[in-house]
1. Can you compute the modelled spin-label distance between Ile41 and Ile23, with each label point 7 Å from Cα toward Cβ, in nm?
2. Across segment 40-53, in residue order, what do the Karplus-derived ³J(HN,Hα) couplings come to in whole Hz, using 6.51 cos²θ - 1.76 cosθ + 1.60 with θ = phi - 60° and x for Gly and Pro?
3. What's the extension gain from Glu74 to Leu12 if we count 0.36 nm per residue and subtract their Cα-Cα distance?
4. Using Cα-only point scatterers and the Debye equation, what is log10 of I(q)/I(0) for segment 12-91 at each q in 0.13, 0.14, 0.27 Å⁻¹, rounded to two decimals?
Amino acid sequence: MLFDRDHQHGGLAKRRRYARFEIAYTLADFGAAFSFVIGSIFFFSERLMTAGTWLFLIGSILFAAKPSIRLIREIKLAAMGEDEELAERYER
């Protein structure tokens, strides 16, 4: 089921895939936060302002990647044999 929070009842392959996507999602979070913090610090220096701007852009791209990671995860998990459950949910 898309965006189902309970992935503990799936098989080993499903749980591993879910874990990999959660790691990617968390890395995107940390990367974005790190980029924004360092970019903010760089803005205190005239010499580093351009680098700070690039870090803000990188952080923004990482934040934008997060919903894409989550959607791809859900599509991949749904493709692992839960299509009947998805069809039932759609018909309700």
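All of the numbers you see were taken from the coordinates with simple rules; none came from a lab. Just so you know, these numbers come straight off a predicted model, no measurement behind them. Every residue, glycine among them, receives a Cβ derived from its backbone with ideal geometry; neighbour counts consider all protein chains shown.
1. 2.7
2. Per-residue couplings from phi come out as 5, 4, 4, 5, 6, 10, 4, 5, 9, 4, 5, 4, x, 4 Hz.
3. On the way: separation 62, 0.36 × 62 = 22.32 nm, distance 1.60 nm.
20.7 nm is the gain from fully extending Glu74 to Leu12.
4. Here log10 of I(q) over I(0) equals -0.54, -0.59, -1.11.
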